[in-house]
Amino acid sequence: MQAGFVQAPVVSWKTETDHNFGQVRQGYPVKFTFQFTNITQEPVLLQTVRTTCGCTAAKWPESAILPGETGDILIEYDTYKSGDFEKKIRVFFDKQRKPEILWIRGSVD
């Protein structure tokens with residue numbers, strides 16, 4: 001195991017980690033903000049957020065989240081394509097080897 005990495009989670013999610021938008025209208029992008037709290041005793045850096053397709057965009061804080069502070073990850077889904085969707089989002093923190101997994105889902109009509 002690499003030095004500096006812990007196996008335990010470094011954040012606690014304040015929102016659900018699986019967000020269902022339900023029925024949404026085609027052509028009207030939808031957004032959801034996932035919120036997390038740093039549960040460690042040191043600053044945590046959100047390194048990157050990886051989405052599974054170009055239809056899903058993410059914005060996240062670039063500065064370190066101090067112990068006990070909250071961070072936001074804004075996810076926007078482009079509803080250009082009709083039908084059901086289920087998208088996996090991987091969130092990488094500097095002090096955690098495994099990514100946190102978030103999901104968005106819904107149906108575009």
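Each value in this text was obtained by applying a stated rule to the coordinates, not by laboratory testing. The model shown is predicted, which means the values in this text are computed figures rather than measured ones. Heads up, the Cβs are rebuilt from the backbone with ideal geometry, glycines too, and the neighbour counts pull from every protein chain shown.
Annotations for the structure displayed:
- Computed on the Cα atoms alone, the convex hull of segment 11-108 gives a volume of 81 cubic angstrom per residue.
- The label-point distance for GLN35 and LEU66, in a model that sets each label 7 Å from Cα toward Cβ, rounds to 1.8 nm.
- Other residues within the sphere of radius under 14 Å centred on the Cβ of LEU102, judged by their own Cβ, net out at +3 (K and R +1, D and E -1).
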